[in-house]
Amino acid sequence: MTCAALIVAAGRGTRAGGDRPKQWQPLAGARVIDWTLRAFLNLPEVSHIMIVLHPDDIAGFIAPDGVRIAAGGTTRAASVRAGLEALTGAGCSRVLIHDVARPCVSAALIRRVLRALDTAAAAAPALPVTDALWTGGEGRVTGTRDRNGLYRAQTPQGFDFMSILVAHRNHSGDAPDDVAVARTAGLDVMIVPGDEDNLKITHPSDFARAAARLTDTVRGTMDLRIGNGYDVHRFGPGDHVMLCGVAVPHGRGLQGHSDADVGLHALSDAIYGALAEGDIGRHFPPSDPQWKGAASHVFLRHAVALASEKGFQISNMDLTLVCEHPKIGPHAGAMQAAVAQITGLAPGRISIKATTSERLGFTGREEGIAALATALLVQS
């Protein structure tokens, strides 16, 4: 399934103070809008990003690679609908709708919403109300309210794409959020646990709170993991070799228990190494006959999924293939695309290159192919 992120940034709110809308104000060395976009740009699960801007802001905004822009409307609901309409034809089955004023959203929270969409047409994060609730007027308490069953809504709110698009098309007027639009259309919305750090910048004091959270994440609590992988397979009978998911014509094949894709094996081991999870053999023992002849994308997908389960996302991967023949250059682009499809990473985060060993050693004697890989993982 493909997922789009729709970031609503067309508001002109003044409660946050300053001489410009809050999304354009500075925050911890960048702008609010930059932090919010960064949270989604780093997620391999998100294939499309649409940002909805006020028409007056479009000309002055340079969108990062992969980010599309739509012009907003006069209300929040109108802006969301404009973004959804602009995403039609992109082939997205899911959409995450997020307020630009929540720059501290974590990858873990986004993934909780996405997991909920595996079994629901709509899901949104929220925090239960824990404080006592009062009504008041003229500076005095006039009554109390029962807090049981009350929640503080957050974003991103996730939906089946066509369901929320139809709901917005049939909705008239504005709405406080997209859950309200969905419920008006009869959609059940699943509540997932929210995050206290996922604050919304509304008042001037919120900038300092958000900056503190972002600074802690960048400088203090970010967990970076580097892993390396090395693999070798010998040549044997065959008319092609599998390298990085691509069948490369060659006078001989590579031998191994699986399909002997030395590139995917090294990449998988680099991820396992960064997670301190051993190697492919630990997770897919060669003594188990079910893996005989298995396609190696199974191993790499497992490694990527394990990283996600442990709270990490893959920042980038670098692979070097060592061989005299076949020549890798003509196939490097196809290999990069294949690894991107397997892992969900953008092709620009995947490096595939080759070198020879100057006719030295087993690779120089063309007895086999070696591969060396490095992967950088970042805590979500």
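Only the coordinates and a few stated rules stand behind these numbers; no lab work does. Keep in mind that this is a model prediction, so the values were computed, not measured. Neighbour counts are summed over all protein chains in view; Cβ atoms, including those assigned to glycine, are modelled from backbone coordinates with ideal geometry.
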(message) Rounded, prolate or oblate, given the Cα gyration tensor of the stretch 3-221, with a/c below 1.5 counting as rounded?
(response) rounded
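Rank by packing, highest mean first: peptides 41-52, 263-274, 137-148, with packing defined as the count of other Cβ atoms within 10 Å averaged across residues.
Descending mean neighbour count gives 263-274, 41-52, 137-148.
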(request) Treating the angle as unsigned and between 0 and 90°, give the value, to the nearest 10°, between the Cα long axis of helix 32-41 and the longest Cα principal axis of the chain. (result) 40
(message) Which of rounded, prolate or oblate describes the stretch 17-112 when judged by the alpha-carbon gyration tensor and an a/c cut-off of 1.5?
(response) oblate
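Cβ under 13 Å from Pro285's Cβ, Pro285 left aside: what net charge do those residues give with Lys, Arg +1 and Asp, Glu -1?
On the way: positive: Arg282, Lys292; negative: Asp279, Asp288.
Overall, the nearby charge balance is 0.
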(message) Assuming 0.36 nm per residue, please report the length gained on full extension of the stretch Asp56 to Thr2 beyond their Cα-Cα distance.
(response) 16.4 nm
(request) Within the stretch 254-272, find all residues whose amide N lies under 17 Å from a label point positioned 7 Å from the Cα of Asp239 along Cα-to-beta-carbon. (result) 254
(request) Working from Cα positions, state the angle (0 to 90°, nearest 10) between the long axis of helix 332-343 and the longest principal axis of the chain. (result) 50
(request) Using a Gaussian network model of the chain whose springs link C-alpha atoms within less than 10 Å, name the residue from Ala116, Ala247, Ala101 with the highest mean-square fluctuation. (result) Ala247
(message) Test of understanding: what is the full-extension gain from Ala337 to Ala276, defined as 0.36 nm times their sequence separation minus their Cα-Cα distance?
(response) 19.2 nm
(request) Would you mind checking the tilt of helix 205-215 against the longest principal axis of the Cα atoms of the chain, expressed as 0 to 90 degrees and rounded to 10? (result) 10
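Convert 20 °C to kelvin, take the viscosity as 1.002 mPa s, use the Kirkwood radius over C-alpha pairs of the stretch 238-307 as Rh, and evaluate the Stokes-Einstein diffusion coefficient in µm²/s, rounded to a whole number. Don't skip to the answer; put the middle values down first.
Numbers: Rh = 12.3 Å.
For these conditions, the coefficient is 174 µm²/s.
Based on the Kirkwood radius over alpha-carbon pairs, what value in µm²/s does the Stokes-Einstein equation return for the translational diffusion coefficient of the stretch 151-263 at 20 °C and 1.002 mPa s?
On the way: Rh = 20.1 Å.
D, rounded to a whole number, is 106 µm²/s.
How much of the pair distance distribution for the stretch 285-380 lies past 16 Å, counting alpha-carbon pairs only, in percent?
Numbers: 2919 of 4560 pairs.
Across the stretch 285-380, Cα pairs with separations above 16 Å total 64 percent.
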(message) How big is the stretch 61-150 along each principal axis, measuring the range of its Cα positions in Å and listing the largest first?
(response) 52, 34, 23
(request) For n ≥ 4 DSSP H runs only, could you compute -39500 (n - 2.57) per run for the chain, divide by its residues and tell me the 222 nm figure to the nearest 500? (result) -8000 deg cm²/dmol
(request) Order these peptides, 293-301, 192-200, by their mean beta-carbon neighbour count within 10 angstrom, highest first. (result) 293-301, 192-200
(request) Obtain the nm distance between the two label points defined at Thr215 and Thr119 by a simple spin-label model: each point lies 7 Å from its Cα along the Cα-to-C-beta direction. (result) 4.2
(request) Provide, for the chain, the number of lysine pairs with alpha carbons under 30 Å apart, each pair being eight or more places apart or on different chains. (result) 7
(request) Mind computing the radius of gyration and Dmax over the alpha-carbon atoms of the stretch 191-345? Å is fine for both. (result) 20.4, 70
(request) Could you tell me the distance between the Cα centroids of the stretch 194-212 and the stretch 316-338, to the nearest Å? (result) 45
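Hey, any idea what Rg/Rh is for the chain, computing Rh the Kirkwood way over Cα pairs? Write down the numbers at each step before the final one.
Details: Rg = 24.8 Å, Rh = 23.3 Å.
Looking at the chain, the ratio lands at 1.07.
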(message) Running a GNM on the chain with Cα contacts under 10 Å, which residue among Val80, Val32, Val129 ends up with the highest mean-square fluctuation?
(response) Val129
(request) Provide Thr135, Thr36 in ascending order of the number of other Cβ atoms located within 10 Å of each residue's Cβ, fewest first. (result) Thr135, Thr36
(message) What's the ranking of 106-114, 2-10 by average number of surrounding C-beta atoms within 10 Å, highest first?
(response) 2-10, 106-114
